[in-house]
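The next block holds one structure in the form of structure tokens; read it before the comments.
The values are calculated or read from the model by the stated rules, or taken from the named source; none is laboratory data. Fair warning: this is a prediction, and the values are worked out from it, not measured in the lab. Reconstructed Cβ throughout: ideal geometry from the backbone, glycine too, with neighbour counts over all protein chains shown. Heavy atoms of the whole protein, side chains included, go into the accessibility calculation; ligands, DNA and RNA do not. Shrake-Rupley method; radii C 1.70, N 1.55, O 1.52, S 1.80 Å.
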Amino acid sequence: MAEKTYLEAIRDALFEEMGRDPAVFIMGEDARCNFFGTTSGIIEAYGLERILDCPIAEAGITGVAAGAAMVGMRPVVDFTIAPFLYPAMDQICSIVAKSRYLYGGQAKVPLVLRANMIYGNGGAAQHSDRPYPMFMSMPGLKIMVPSNPYDMKGLLKTAIRDDDPVMSFEDANLWSMKSEIPDADYAIPFGQAAIKRTGNDCTVVAIGAMVTLAMEAAALMEAEGVSVEVIDPRTLVPLDMPTILESVAKTGRLVLVDVAWERCSAADHISAVVSEEGFWDLRAPIMKVCTENTHIPFNTAVERQLYPSCDRIVAAIRKTLA
Amino acid sequence: MAEMVLPQFGMGMADGTIIAWHKVVGEVVQQGERLCDVEAAKTTVEVGATCSGVLRQILVAAGKNVPVNTVIAIIGDEAVGQNVAAAQVPPPPPPTPAAPISVAEALVPIAIASEKPEAAQMRGHTGRTPQVEPRARRAARLHKVDLAVVVGTGPGGRIVEEDVTRRAQSLSDSSRAGAAPRNLGVGRFHQFRMRFDAGPLVNLAEELAKFYHKTFLIEAMLARAVGVAMSDAGIADGSIGVRADDGTVKVLQQAIALGLTVIADRLAGGEAMSMCSPTIVVDLHLEDWLDETISFDPTGPASLTFGKSARGADDTGTEWTVLLTCSEQGPNVSQSKLFLKSLRELLNSPVAILV
């Protein structure tokens, strides 16, 4: 056991998987210079040919990676920040997501697209997006949003070993977060939510870094005698709805915390499924705590008010009880 | 302005008891909309409004017994104010000593209303249907509780699941359910007694006999009704035993799935005895009068004993009594209640057992 940060967990997963499987390699802009600190020691260990610096041409990078994946490689593409996925949209949606289906299973695309979500620090409108819900609606893509270093490492290993394309959305606000990481190799299966805390009065499903806020809110509510269950879905595609529905059947109340824009967010999706399949378990309307449907301003004081906060989560929990 | 009288459900009905009012004075009612529940000797019937309008007066409080054709309520014109209407119409004759009663009084006989009078009055005052949480609606369906008579104790008077389950509990505890649990003092048994009119079932057996040109034993009719009721009550492993006069038991495996004609054929034929103990043994004592002083010693999970109700030697009526006795291995108390409730509905209108 060792305490590792979120960034170290990413680096360790990459490093260990490259050692395990020679087909694994890294592509990206400024990958070799260890831009965010996730590639420490990789050149030294595996050489320049397994970590490729690419021009600023995301569509090209993605197309090359998809082709390499189809002929047996396992590329991990570092998009640096999530909005840079947009120039590669056609490659992601038309090629990466669909090829296995289009070729009747003769082609597979074992590809990992990593995207950091850097927001809350004045990144302004073009750099602060948290766009995972856009990709949830595209069949063929698996989506993980790890909430802590342990999950980050275990899920990224599963992603690299998976024969289907996986998008990894990594919240930069968690980079310095530490957790105990086992020395032994481990992988976390997709589609298995983690119950971070059990409770009887209200279920809070929180995505990625929102789990930390939800845990703070749950602790505050406990002081008031309200017992909150916090669930981290860990992966959004596949999504562990049975765990969420089972929790709602127990508590009858649901608050969804999602740092994506509210409209068509993951929170919206989960809310809709619970409305359909868990409606008769509910005691109160489902509440969502998401980001306001507007562009992210440069002014951090304004920006930070748009995102979910502990106060907003507490208010939503209270509303389900009122 | 119209008077609602206590209806007469059959020639033999002389009086009836208002079990519950589902509207309060001042509420708008539509013609046919459920207004109150009336319990007569053999049945409880939901009585609908005879015309549309505003419920102006409730003249017979819930819980009171009055003769048929007694005026029980006044329904006024919705568009006309009460004072205007009163001026145009002569005052209603005083058919009962009961004075017109207030909203609060109308709700008092409801068990839960008396626990939370302030909630009842609040709801009566606004006359607005309270919110119901979804899981309370599910509980109401499950326990067959009418939400109109449930007083909400949740936020803002919302009806919550616990309100419904409490109401269901008080309904099944009261004599209205026609069944009360008894402790036999032998291990953990429970026993329920229920009276019902066997006339419809006997008539149906006769009609079927004419149609199919073969005998439909009353045992077969009862076994089929029991199977359907077991299914309704969610009693798993629905095998039914039918005890013959010589004490042997014919067992119908998976009786819930068997149709009436199959059951009739099997009981008429020499169906083999089964080694396993059936979930419910049906035992008929139709030549005997049955009252609750008779004790039973079920050898299986549950027994269901039918007999004529003890009404006296010259009684030629068709009222029967059924005793359900369950051991620890048998259906639990809530299943037993659901089972008897369903069985009573089936026996009241047995056509449903043909489906």
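Regarding segment A:305-318, can at least one residue be identified that is of a type in the set (Val, Ile, Thr), surrounded by fewer than 18 Cβ atoms within 10 Å (Cβ to Cβ) and away from chain B (no Cβ under 14 Å)? No, segment A:305-318 contains no residue that is of a type in the set (Val, Ile, Thr), surrounded by fewer than 18 Cβ atoms within 10 Å (Cβ to Cβ) and away from chain B (no Cβ under 14 Å). For segment B:312-320, does any single residue satisfy the condition of being at pLDDT below 70, outside the structural domain of residue B:169 (by TED's automatic domain parsing) and acidic (Asp, Glu)? Scanning segment B:312-320 turns up at least one residue that is at pLDDT below 70, outside the structural domain of residue B:169 (by TED's automatic domain parsing) and acidic (Asp, Glu).
The residues of segment A:265-295 include none that are of a type in the set (Phe, Trp, Tyr) and either farther than 20 Å from residue A:201 by Cα or away from chain B (no Cβ under 14 Å) (or both). The residues on offer are A:148, A:116, A:121, and the sole one that is polar (S, T, N, Q) and surrounded by fewer than 18 Cβ atoms within 10 Å (Cβ to Cβ) is A:121.
Looking at segment B:11-19, can you tell me whether even one residue there is loosely packed, with under 15 Cβ neighbours inside 10 Å, outside the structural domain of residue B:150 (by TED's automatic domain parsing) and free of Cβ contacts under 8 Å to residues at least 12 places away in the same chain? Taking every residue of segment B:11-19 in turn, at least one turns out to be loosely packed, with under 15 Cβ neighbours inside 10 Å, outside the structural domain of residue B:150 (by TED's automatic domain parsing) and free of Cβ contacts under 8 Å to residues at least 12 places away in the same chain. Candidates are the residues of segment B:117-136 that are more than 11 Å from chain A (Cβ to nearest Cβ) and either open to solvent by less than 20 Å² (accessible area, probe 1.4 Å) or not in a helix (DSSP H, G or I) (or both); the one that is modelled with the highest pLDDT is B:130.
Only a single item in (1) within 14 Å of chain B (Cβ to nearest Cβ); (2) out of contact with any Asp or Glu (no Cβ under 6 Å at 6 or more places or on another chain); (3) crowded, with 19+ Cβ neighbours inside 10 Å is not met by residue A:226, and it is number (2).
Residue check: is residue B:205 touching a strand residue (DSSP E or B) at 6+ places or on another chain (Cβ under 6 Å) and at pLDDT 85 or above? Against the criterion (touching a strand residue (DSSP E or B) at 6+ places or on another chain (Cβ under 6 Å) and at pLDDT 85 or above), residue B:205 does not qualify.
Of all positions in segment A:41-50, at least one carries a residue that is part of a loop (DSSP other than H, G, I, E, B) and either more than 19 Å from the chain's Cα centre (by Cα) or closer than 23 Å to residue A:132 by Cβ (or both). Set side by side, the residues A:75, A:139, A:87 differ, and just one is more than 17 Å from the chain's Cα centre (by Cα) and open to solvent by 50 Å² or more (accessible area, probe 1.4 Å), which is A:87. Filtered by the rule that a residue be more than 13 Å from the chain's Cα centre (by Cα) and at pLDDT 75 or above, segment B:161-182 gives B:161, B:162, B:163, B:164, B:165, B:166, B:167, B:169, B:170. Taking the criterion of being closer than 30 Å to residue A:164 by Cα and either aromatic (Phe, Trp, Tyr) or away from chain B (no Cβ under 14 Å) (or both), would at least one residue in segment A:248-257 satisfy it? The answer is yes, given that some residue of segment A:248-257 is closer than 30 Å to residue A:164 by Cα and either aromatic (Phe, Trp, Tyr) or away from chain B (no Cβ under 14 Å) (or both).
State which residue is modelled with the lowest pLDDT when the search covers only segment B:137-160 and only residues that are over 22 Å from residue B:342 (Cβ atoms), part of a helix (DSSP H, G or I) and within 12 Å of chain A (Cβ to nearest Cβ). Here the answer is B:156. Check residue A:4 against each of (1) part of a helix (DSSP H, G or I); (2) open to solvent by 30 Å² or more (accessible area, probe 1.4 Å); (3) touching a Pro at 6+ places or on another chain (Cβ under 9 Å); (4) not small (Gly, Ala, Ser) and name the one condition it does not meet. Just one mismatch for residue A:4, condition (1).
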